[in-house]
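This report concerns only the one structure given below.
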Amino acid sequence: DGGITQSPKYLFRKEGQNVTLSCEQNLNHDAMYWYRQDPGQGLRLIYYSQIVNDFQKGDIAEGYSVSREKKESFPLTVTSAQKNPTAFYLCASSPRGGSQETQYFGPGTRLLVL
Amino acid sequence: AQKVTQAQTEISVVEKEDVTLDCVYETRDTTYYLFWYKQPPSGELVFLIRRNSFDEQNEISGRYSWNFQKSTSSFNFTITASQVVDSAVYFCALSDYTALIFGKGTTLSVSS
């Protein structure tokens, strides 16, 4: 079955620690996205990538980093510079970049700070 | 600035009632796309519909229907004869150049 997988489902971070969230898709989509969801809030864009080896900052990129070395993978690192990382993180992909494309979402990773 | 407003934070209905979720958007673009997503308790967002700004026809899919009115910048979603399985958070979203701008969502609770 084609789809988007995210791991782990739950992730715990200690103060000062960097953690990496995994996102993999086998839909052969060009574009991938990371969103953050806080309780009672909509989703906010962290980073997006329209092609391999290229990515752009979204609205709330500070304290996060990404890489796009393979078409199917778009990992997100939450660095120690992100002072309030507790949130639900959703990865999405679309066939191509652009406003007309439908984005399909993975199951999400819930990040908690110890 | 692009913006999506879902004024209803929470709605509670009893099974078989009809319910309408409101969505109002702001954009300066002449071509744009609107979306609805469902987020069940599991957390994954499920795509429901995409509508482009040039197509103002209403759409019906089973118990779901959507009413797009460009004149009032609204894209409302109606569930007919609601069921317990419809309980979820529903998001309306507007296309930006590269990503989506989401409303804050409406939590729908359907009781039996």
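Laboratory data are not the source of any read-out in this text; all were calculated from the coordinates shown. Nothing here was measured: the structure is a model prediction, and the numbers come from that model. Here the Cβ is made from the backbone with ideal geometry for all residues, glycine too, and neighbour counts use every protein chain on show.
Look at the stretch B:100-107: the mean tally of other chain Cβ atoms within 10 Å of its residues' Cβ atoms is 5.
Over all orientations, chain B has a Cα convex hull whose mean projected area works out to 6.7 square nanometres.
Panel order for A:4, A:46, by other beta carbons found within 10 Å of each beta carbon, from fewest to most: A:4, A:46. Label sites at residue B:84 and residue A:5, each approximated as a point 7 angstrom past Cα along Cα to Cβ, lie 3.2 nm apart. Scattering from chain A was approximated by placing one identical point on each alpha carbon and applying the Debye formula without solvent; log10 I(q)/I(0) at 0.13, 0.18, 0.24 1/Å stands at -0.43, -0.84, -1.46. Our summary gives chain B a relative contact order of 38 percent, counting only alpha carbon pairs under 8 angstrom and 6 or more residues apart. Taking only the Cα atoms of region B:19-63, the ratio Rg/Rh comes out at 1.00, with Rh defined as the Kirkwood radius. Spin-label model, residue A:28 to residue B:14: label points 7 Å out along the Cα-to-beta-carbon direction sit 5.2 nm apart. Applying 0.36 nm per residue to the separation of residue B:7 and residue B:57 and subtracting their alpha-carbon distance, the gain on full extension is 15.6 nm. Under the combined filter of DSSP loop state and at most 14 neighbouring Cβ atoms within 10 Å, region A:1-40 retains these trypsin sites (Lys or Arg not before Pro): A:9, A:14.
For region B:14-112, the list of trypsin sites (Lys or Arg not before Pro) that fall in a loop by DSSP and count at most 12 other C-beta atoms within 10 angstrom reads B:16, B:28. Mind jotting down the distance between the C-alpha centroids of region B:19-42 and region A:34-109, whole Å? After rounding, the separation between the Cα centres reads 20 Å.
Legend: mean number of C-beta atoms from other chains within 10 angstrom of residue C-beta atoms, peptide A:32-41, equals 3.
Per residue, the Cα convex hull of region A:51-114 amounts to 105 Å³. Rounded to the nearest whole angstrom, the semi-axes of the ellipsoid equivalent to the protein assembly as shown, taken from the Cα gyration tensor as √(5λ), stand at 30, 21, 16, largest first. Determine the sum of side-chain charges near residue B:86: Lys and Arg each +1, Asp and Glu each -1, restricted to other residues whose C-beta is under 12 angstrom from that of residue B:86. Around residue B:86, the surrounding residues sum to 0.
Counting beta carbons within 10 Å around each of B:106, A:20 and listing the fewest first gives the order A:20, B:106. In this calculation the C-beta distance from residue A:102 to residue A:79 is compared with R0 = 30 Å, giving a FRET efficiency of 0.45. If you take all other residues with their beta carbon under 15 Å from the beta carbon of residue B:110, and give Lys and Arg +1 and Asp and Glu -1, the sum is -2. Mean partner shielding of peptide A:96-104, defined as the number of other chain Cβ atoms within 10 Å of each residue Cβ, is 6. The mean sequence separation of alpha-carbon pairs under 8 Å and at least six residues apart, normalised by the residue count of chain A, gives a relative contact order of 35 percent.
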